[in-house]
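The values are calculated or read from the model by the stated rules, or taken from the named source; none is laboratory data. Computed from a prediction, not measured in an experiment: that's the story for all the values here. Note: ideal-geometry Cβ built from the backbone for every residue, glycine included; neighbour counts use all protein chains shown. When the accessible area is computed, the model is the full protein with side chains, heavy atoms only, and any ligands, DNA or RNA have been set aside. Shrake-Rupley method; radii C 1.70, N 1.55, O 1.52, S 1.80 Å.
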Amino acid sequence: MDAWYGASMRPVRYVRPAVIAAAIAALHEERIAALPPSDSLAQFIAGGTNLVDLMKLQIIRPAMLVDINWLPMDQITPNGAGGLRLGAGARNAETANHPQVQKHYPLLSAAMLSAASPQIRNMASNGGNLLQRTRCSYFYDHATPCNKRTPGVGCAAIGGLNKYHAILGASAHCIATHPSDMCVALAALEATVHVQSDGGTRDIDFADFHRLPGIHPERDNTLLPGELITHIDLPELDRFASHSAYLKIRERLSYAFGLVSVAVALDLDDTGLIREARIALGGVAHKPWRTSAAELCLVGVVPQRQAFERCAEMLLEGALAQHSNGFKIVLAKRTVVRALEAATAGTAQTHDFYMGALE
(Lines give C-alpha, C1' and ligand atoms only; values in the text may rest on other atoms or scores of the structure.)
Protein backbone atom coordinates (compact mmCIF):
# COMPACT_ATOMS: atom_id res chain seq x y z
CA MET A 1 0.00 0.00 0.00
CA ASP A 2 1.29 3.47 -0.88
CA ALA A 3 0.28 6.72 0.76
CA TRP A 4 1.19 10.22 -0.39
CA TYR A 5 1.71 13.42 1.51
CA GLY A 6 3.56 16.70 1.27
CA ALA A 7 4.67 18.76 -1.67
CA SER A 8 7.23 16.21 -2.86
CA MET A 9 4.63 13.37 -3.03
CA ARG A 10 6.93 10.85 -1.36
CA PRO A 11 5.50 7.29 -1.18
CA VAL A 12 5.15 5.57 2.19
CA ARG A 13 5.12 1.79 2.44
CA TYR A 14 2.81 0.25 5.03
CA VAL A 15 3.24 -3.14 6.69
CA ARG A 16 1.14 -4.82 9.37
CA PRO A 17 3.06 -7.65 11.06
CA ALA A 18 1.23 -10.19 13.19
CA VAL A 19 4.00 -10.80 15.74
CA ILE A 20 6.50 -8.60 17.58
CA ALA A 21 9.55 -10.26 16.01
CA ALA A 22 8.23 -9.57 12.50
CA ALA A 23 7.60 -5.90 13.32
CA ILE A 24 11.13 -5.46 14.64
CA ALA A 25 12.59 -7.29 11.64
CA ALA A 26 10.67 -5.09 9.19
CA LEU A 27 11.97 -1.92 10.83
CA HIS A 28 15.51 -3.29 10.96
CA GLU A 29 15.55 -4.32 7.31
CA GLU A 30 14.30 -0.91 6.14
CA ARG A 31 16.85 0.90 8.30
CA ILE A 32 19.92 -1.03 7.16
CA ALA A 33 18.83 -0.82 3.52
CA ALA A 34 19.37 2.92 3.64
CA LEU A 35 22.73 4.46 2.81
CA PRO A 36 23.67 5.71 5.31
CA PRO A 37 21.37 3.81 7.75
CA SER A 38 18.63 6.02 9.18
CA ASP A 39 15.98 5.43 11.84
CA SER A 40 13.78 8.09 10.26
CA LEU A 41 13.18 5.93 7.19
CA ALA A 42 10.94 3.51 9.11
CA GLN A 43 8.67 4.20 12.06
CA PHE A 44 6.42 2.14 14.30
CA ILE A 45 2.89 3.52 14.41
CA ALA A 46 0.14 2.79 16.95
CA GLY A 47 -2.37 5.55 17.71
CA GLY A 48 -0.47 8.02 15.54
CA THR A 49 -1.73 11.03 17.51
CA ASN A 50 1.71 12.66 17.36
CA LEU A 51 3.44 10.86 14.50
CA VAL A 52 0.77 11.72 11.93
CA ASP A 53 1.03 15.41 12.84
CA LEU A 54 4.81 15.25 12.40
CA MET A 55 4.36 13.58 9.01
CA LYS A 56 1.85 16.18 7.85
CA LEU A 57 4.34 18.92 8.65
CA GLN A 58 7.20 16.90 7.09
CA ILE A 59 9.21 16.98 10.28
CA ILE A 60 9.40 13.20 10.03
CA ARG A 61 9.29 11.65 6.55
CA PRO A 62 9.36 7.87 6.92
CA ALA A 63 9.61 5.64 3.89
CA MET A 64 7.76 2.90 5.78
CA LEU A 65 5.23 2.64 8.61
CA VAL A 66 5.16 -0.54 10.68
CA ASP A 67 1.65 -0.82 12.15
CA ILE A 68 1.93 -2.37 15.63
CA ASN A 69 -1.75 -2.12 16.55
CA TRP A 70 -2.22 -5.80 15.77
CA LEU A 71 0.50 -7.02 18.08
CA PRO A 72 -0.28 -8.65 21.45
CA MET A 73 0.80 -5.64 23.51
CA ASP A 74 -2.54 -4.17 24.60
CA GLN A 75 -3.14 -6.01 27.87
CA ILE A 76 -3.07 -4.61 31.41
CA THR A 77 -2.24 -7.44 33.80
CA PRO A 78 -0.47 -8.22 37.11
CA ASN A 79 3.29 -8.33 36.58
CA GLY A 80 4.04 -11.15 39.02
CA ALA A 81 5.86 -8.84 41.45
CA GLY A 82 2.82 -7.34 43.14
CA GLY A 83 2.57 -4.53 40.61
CA LEU A 84 0.92 -3.97 37.27
CA ARG A 85 2.06 -4.42 33.67
CA LEU A 86 0.79 -1.86 31.16
CA GLY A 87 0.93 -3.03 27.57
CA ALA A 88 2.56 -0.48 25.28
CA GLY A 89 -0.34 -0.85 22.85
CA ALA A 90 -3.06 -0.25 25.45
CA ARG A 91 -4.83 3.05 24.91
CA ASN A 92 -4.48 5.91 27.36
CA ALA A 93 -8.21 6.01 28.09
CA GLU A 94 -8.33 2.27 28.78
CA THR A 95 -5.32 2.54 31.10
CA ALA A 96 -6.57 5.58 33.01
CA ASN A 97 -9.97 4.01 33.59
CA HIS A 98 -8.76 0.49 34.37
CA PRO A 99 -10.06 -0.59 37.82
CA GLN A 100 -6.63 -1.78 39.01
CA VAL A 101 -4.94 1.44 37.91
CA GLN A 102 -7.56 3.56 39.64
CA LYS A 103 -7.36 1.47 42.82
CA HIS A 104 -3.61 1.01 43.19
CA TYR A 105 -2.18 3.88 41.12
CA PRO A 106 -4.68 6.76 41.35
CA LEU A 107 -1.84 9.21 40.68
CA LEU A 108 -1.32 7.72 37.22
CA SER A 109 -5.04 7.65 36.47
CA ALA A 110 -5.42 11.32 37.46
CA ALA A 111 -2.44 12.38 35.35
CA MET A 112 -3.65 10.54 32.26
CA LEU A 113 -7.20 11.88 32.55
CA SER A 114 -5.84 15.44 32.63
CA ALA A 115 -4.14 14.97 29.27
CA ALA A 116 -5.37 16.06 25.84
CA SER A 117 -9.03 15.35 24.98
CA PRO A 118 -11.18 12.22 25.36
CA GLN A 119 -10.90 11.55 21.63
CA ILE A 120 -7.10 11.64 21.71
CA ARG A 121 -6.93 9.52 24.88
CA ASN A 122 -9.06 6.92 23.10
CA MET A 123 -6.45 6.66 20.33
CA ALA A 124 -3.11 7.38 21.98
CA SER A 125 -1.10 4.34 23.10
CA ASN A 126 0.94 4.00 26.27
CA GLY A 127 4.17 3.41 24.37
CA GLY A 128 3.50 6.32 22.04
CA ASN A 129 2.90 8.62 24.99
CA LEU A 130 6.45 8.04 26.16
CA LEU A 131 7.78 8.86 22.70
CA GLN A 132 5.82 12.01 21.88
CA ARG A 133 7.89 14.97 20.75
CA THR A 134 8.03 18.43 22.27
CA ARG A 135 5.26 20.94 21.58
CA CYS A 136 7.77 23.78 21.09
CA SER A 137 6.33 25.96 18.31
CA TYR A 138 9.77 26.45 16.74
CA PHE A 139 10.22 22.69 16.40
CA TYR A 140 7.10 22.59 14.24
CA ASP A 141 8.03 25.65 12.14
CA HIS A 142 10.41 24.96 9.24
CA ALA A 143 10.95 28.71 8.81
CA THR A 144 12.84 28.93 12.10
CA PRO A 145 16.04 27.21 13.28
CA CYS A 146 15.65 24.30 15.70
CA ASN A 147 18.44 22.02 16.89
CA LYS A 148 15.95 19.33 17.78
CA ARG A 149 14.57 19.26 14.23
CA THR A 150 17.88 19.95 12.41
CA PRO A 151 20.95 19.58 14.64
CA GLY A 152 23.45 22.41 14.51
CA VAL A 153 21.25 25.19 13.12
CA GLY A 154 20.52 26.93 16.43
CA CYS A 155 17.57 27.36 18.81
CA ALA A 156 15.06 30.06 17.93
CA ALA A 157 13.34 29.70 21.31
CA ILE A 158 16.39 31.13 23.07
CA GLY A 159 15.75 34.84 22.75
CA GLY A 160 12.39 34.19 21.11
CA LEU A 161 8.92 33.48 22.45
CA ASN A 162 9.68 31.13 25.32
CA LYS A 163 6.81 31.47 27.78
CA TYR A 164 6.20 27.71 27.76
CA HIS A 165 9.82 26.59 27.78
CA ALA A 166 12.19 24.95 30.25
CA ILE A 167 13.46 26.42 33.47
CA LEU A 168 15.40 23.31 34.56
CA GLY A 169 17.91 21.07 32.80
CA ALA A 170 18.06 23.15 29.60
CA SER A 171 21.18 23.75 27.54
CA ALA A 172 22.53 26.32 25.11
CA HIS A 173 21.21 24.05 22.34
CA CYS A 174 17.58 23.54 23.44
CA ILE A 175 15.09 24.81 26.02
CA ALA A 176 12.12 22.68 24.96
CA THR A 177 9.95 20.77 27.44
CA HIS A 178 8.47 17.30 27.35
CA PRO A 179 4.66 17.52 27.04
CA SER A 180 3.49 14.26 28.64
CA ASP A 181 1.30 14.08 31.75
CA MET A 182 1.50 10.30 31.94
CA CYS A 183 5.30 10.43 32.07
CA VAL A 184 5.32 12.76 35.08
CA ALA A 185 3.29 10.24 37.07
CA LEU A 186 5.40 7.30 35.81
CA ALA A 187 8.53 9.13 36.95
CA ALA A 188 7.11 9.56 40.46
CA LEU A 189 6.01 5.91 40.52
CA GLU A 190 9.46 4.76 39.36
CA ALA A 191 8.17 2.61 36.52
CA THR A 192 10.30 0.38 34.31
CA VAL A 193 10.16 0.45 30.51
CA HIS A 194 10.66 -2.89 28.73
CA VAL A 195 11.94 -2.84 25.15
CA GLN A 196 12.73 -5.45 22.52
CA SER A 197 14.90 -5.42 19.39
CA ASP A 198 16.56 -7.90 17.08
CA GLY A 199 19.35 -8.01 19.66
CA GLY A 200 17.09 -9.13 22.50
CA THR A 201 15.27 -7.43 25.37
CA ARG A 202 16.28 -4.95 28.04
CA ASP A 203 14.72 -2.99 30.89
CA ILE A 204 15.12 0.78 31.34
CA ASP A 205 14.46 2.54 34.64
CA PHE A 206 12.05 5.35 33.93
CA ALA A 207 14.47 7.94 35.32
CA ASP A 208 16.91 6.91 32.59
CA PHE A 209 14.46 6.69 29.69
CA HIS A 210 14.24 10.39 28.72
CA ARG A 211 17.30 12.60 28.20
CA LEU A 212 18.16 16.18 29.00
CA PRO A 213 19.08 18.06 25.79
CA GLY A 214 22.79 18.65 26.34
CA ILE A 215 24.52 18.96 22.96
CA HIS A 216 22.16 16.47 21.32
CA PRO A 217 18.59 17.76 21.77
CA GLU A 218 17.48 15.71 18.76
CA ARG A 219 17.72 12.63 21.01
CA ASP A 220 14.66 12.60 23.24
CA ASN A 221 15.28 9.26 24.92
CA THR A 222 17.76 6.43 25.39
CA LEU A 223 16.14 3.92 23.03
CA LEU A 224 18.62 2.24 20.72
CA PRO A 225 17.98 1.97 16.96
CA GLY A 226 15.25 -0.57 16.20
CA GLU A 227 14.00 -0.97 19.77
CA LEU A 228 10.26 -1.34 20.38
CA ILE A 229 8.58 -0.58 23.72
CA THR A 230 6.56 -3.68 24.61
CA HIS A 231 5.26 -2.84 28.08
CA ILE A 232 5.69 -0.69 31.18
CA ASP A 233 5.93 -2.22 34.66
CA LEU A 234 4.67 -0.49 37.79
CA PRO A 235 6.05 -1.70 41.14
CA GLU A 236 3.78 -2.52 44.06
CA LEU A 237 2.98 0.88 45.57
CA ASP A 238 -0.19 0.51 47.63
CA ARG A 239 1.44 2.58 50.37
CA PHE A 240 0.98 5.66 48.16
CA ALA A 241 -2.59 4.97 47.06
CA SER A 242 -4.22 6.94 49.88
CA HIS A 243 -2.16 10.12 49.58
CA SER A 244 -1.46 11.26 46.03
CA ALA A 245 -2.29 14.20 43.80
CA TYR A 246 -1.65 15.37 40.25
CA LEU A 247 -2.01 19.11 39.72
CA LYS A 248 -1.78 20.60 36.25
CA ILE A 249 -1.69 24.36 35.83
CA ARG A 250 -2.76 25.62 32.40
CA GLU A 251 -4.25 28.72 30.90
CA ARG A 252 -7.57 27.15 29.99
CA LEU A 253 -9.34 24.11 31.40
CA SER A 254 -9.85 22.25 28.14
CA TYR A 255 -7.23 20.56 25.94
CA ALA A 256 -4.18 22.65 26.83
CA PHE A 257 -0.64 21.63 27.65
CA GLY A 258 0.45 22.41 31.19
CA LEU A 259 2.57 25.39 32.10
CA VAL A 260 3.56 23.37 35.16
CA SER A 261 2.36 20.04 36.52
CA VAL A 262 3.21 18.15 39.70
CA ALA A 263 2.81 14.49 40.62
CA VAL A 264 2.97 13.82 44.37
CA ALA A 265 2.77 10.55 46.27
CA LEU A 266 3.12 10.40 50.06
CA ASP A 267 3.34 7.56 52.56
CA LEU A 268 2.31 8.65 56.07
CA ASP A 269 2.94 6.63 59.22
CA ASP A 270 0.41 6.00 61.99
CA THR A 271 1.36 9.25 63.73
CA GLY A 272 0.88 11.32 60.59
CA LEU A 273 4.56 11.89 59.85
CA ILE A 274 5.85 11.52 56.29
CA ARG A 275 7.54 8.15 55.83
CA GLU A 276 8.33 8.57 52.12
CA ALA A 277 7.68 11.19 49.44
CA ARG A 278 7.78 11.09 45.65
CA ILE A 279 7.55 14.35 43.69
CA ALA A 280 7.91 14.85 39.92
CA LEU A 281 7.54 18.09 37.96
CA GLY A 282 6.24 18.38 34.41
CA GLY A 283 6.30 21.27 31.95
CA VAL A 284 9.61 22.58 33.28
CA ALA A 285 12.29 20.46 31.58
CA HIS A 286 13.16 18.16 28.68
CA LYS A 287 12.03 15.24 30.89
CA PRO A 288 10.01 14.79 34.10
CA TRP A 289 12.02 16.42 36.88
CA ARG A 290 12.81 14.79 40.23
CA THR A 291 15.33 15.69 42.93
CA SER A 292 16.09 13.12 45.62
CA ALA A 293 17.22 15.76 48.12
CA ALA A 294 13.85 17.52 47.89
CA GLU A 295 12.03 14.26 48.62
CA LEU A 296 14.35 13.23 51.44
CA CYS A 297 13.90 16.55 53.23
CA LEU A 298 10.27 15.57 53.90
CA VAL A 299 11.03 12.20 55.48
CA GLY A 300 10.14 12.10 59.17
CA VAL A 301 8.58 15.57 59.26
CA VAL A 302 5.08 16.81 59.97
CA PRO A 303 3.27 17.47 56.66
CA GLN A 304 2.78 21.23 56.86
CA ARG A 305 3.24 24.25 54.63
CA GLN A 306 6.62 25.32 56.00
CA ALA A 307 8.14 21.92 55.21
CA PHE A 308 6.47 21.90 51.80
CA GLU A 309 7.85 25.33 50.93
CA ARG A 310 11.37 24.20 51.86
CA CYS A 311 10.90 21.13 49.66
CA ALA A 312 9.72 23.29 46.74
CA GLU A 313 12.77 25.54 47.06
CA MET A 314 15.05 22.51 46.89
CA LEU A 315 13.19 21.02 43.92
CA LEU A 316 13.54 24.27 41.95
CA GLU A 317 17.15 24.89 42.94
CA GLY A 318 19.14 25.91 39.89
CA ALA A 319 16.07 26.94 37.88
CA LEU A 320 17.01 29.42 35.15
CA ALA A 321 14.38 31.57 33.46
CA GLN A 322 14.34 32.87 29.92
CA HIS A 323 13.14 36.41 29.33
CA SER A 324 9.42 35.52 29.29
CA ASN A 325 9.02 32.47 31.53
CA GLY A 326 10.36 33.58 34.89
CA PHE A 327 6.85 33.29 36.28
CA LYS A 328 7.14 29.50 35.97
CA ILE A 329 9.65 29.34 38.81
CA VAL A 330 7.24 30.92 41.28
CA LEU A 331 4.32 29.01 39.77
CA ALA A 332 6.13 25.69 40.10
CA LYS A 333 6.97 26.29 43.76
CA ARG A 334 3.37 27.18 44.58
CA THR A 335 2.09 24.19 42.65
CA VAL A 336 4.39 21.83 44.55
CA VAL A 337 3.10 23.18 47.87
CA ARG A 338 -0.53 22.92 46.76
CA ALA A 339 -0.02 19.36 45.50
CA LEU A 340 1.65 18.29 48.74
CA GLU A 341 -1.22 19.77 50.73
CA ALA A 342 -3.75 17.99 48.54
CA ALA A 343 -1.96 14.66 48.86
CA THR A 344 -1.70 15.02 52.64
CA ALA A 345 -5.47 15.46 52.85
CA GLY A 346 -6.02 12.28 50.82
CA THR A 347 -5.85 11.11 47.24
CA ALA A 348 -7.05 13.96 45.05
CA GLN A 349 -8.93 13.71 41.80
CA THR A 350 -7.65 15.44 38.68
CA HIS A 351 -7.21 19.14 39.43
CA ASP A 352 -7.03 22.00 36.97
CA PHE A 353 -6.37 25.59 38.00
CA TYR A 354 -6.16 28.86 36.19
CA MET A 355 -2.91 30.64 36.91
CA GLY A 356 -4.67 33.11 39.18
CA ALA A 357 -5.99 30.34 41.39
CA LEU A 358 -2.63 29.79 43.08
CA GLU A 359 -2.32 32.46 45.74
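Summary table below
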quantity	calculated
Verdict on residue 218 being assigned to a loop (DSSP other than H, G, I, E, B), open to solvent by 10 Å² or more (accessible area, probe 1.4 Å) and farther than 28 Å from residue 135 by Cβ	no
Answer from 294, 312, 280, 285 - the residue that is closer than 15 Å to residue 332 by Cα, among the small types (Gly, Ala, Ser), open to solvent by less than 30 Å² (accessible area, probe 1.4 Å) and touching a Cys at 6+ places or on another chain (Cβ under 6 Å)	294
Which numbered condition residue 187 fails, given (1) out of contact with any Phe, Trp or Tyr (no Cβ under 6 Å at 6 or more places or on another chain); (2) part of a helix (DSSP H, G or I); (3) not polar (S, T, N, Q)	(1)
Some residue of segment 191-209 being among the small types (Gly, Ala, Ser), farther than 30 Å from residue 72 by Cβ and either under 16 Å from the mean Cα position of the chain (by Cα) or open to solvent by 20 Å² or more (accessible area, probe 1.4 Å) (or both)	no
Boolean, residue 259 is of a type in the set (A, V, I, L, M), more than 25 Å from the chain's Cα centre (by Cα), surrounded by fewer than 24 Cβ atoms within 10 Å (Cβ to Cβ) and modelled with pLDDT of 95 or more	no
Yes/no for residue 340 being among the hydrophobic types (A, V, I, L, M, F, W, C) and in a loop (DSSP other than H, G, I, E, B)	no
Qualifying residue in segment 339-353 (condition: more than 28 Å from residue 103 (Cβ to Cβ) and crowded, with 21+ Cβ neighbours inside 10 Å)	no
Residue satisfying condition, being β-branched (Val, Ile, Thr) and either in a loop (DSSP other than H, G, I, E, B) or touching a His at 6+ places or on another chain (Cβ under 6 Å) (or both), within set 335, 271	271
Residue within segment 323-331 that is open to solvent by 30 Å² or more (accessible area, probe 1.4 Å) and either in contact with an Asp or Glu (Cβ under 8 Å, 6 or more places away or on another chain) or among the charged types (D, E, K, R) (or both) present	no
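So that you can scan it fast, the table gives a plain yes or no per residue for (1) modelled with pLDDT of 95 or more; (2) open to solvent by less than 40 Å² (accessible area, probe 1.4 Å); (3) not hydrophobic (A, V, I, L, M, F, W, C):
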| site | (1), (2), (3) |
| --- | --- |
| 1 | no, no, no |
| 5 | no, yes, yes |
| 10 | no, no, yes |
| 13 | no, no, yes |
| 20 | yes, yes, no |
| 42 | no, yes, no |
| 45 | yes, yes, no |
| 49 | yes, no, yes |
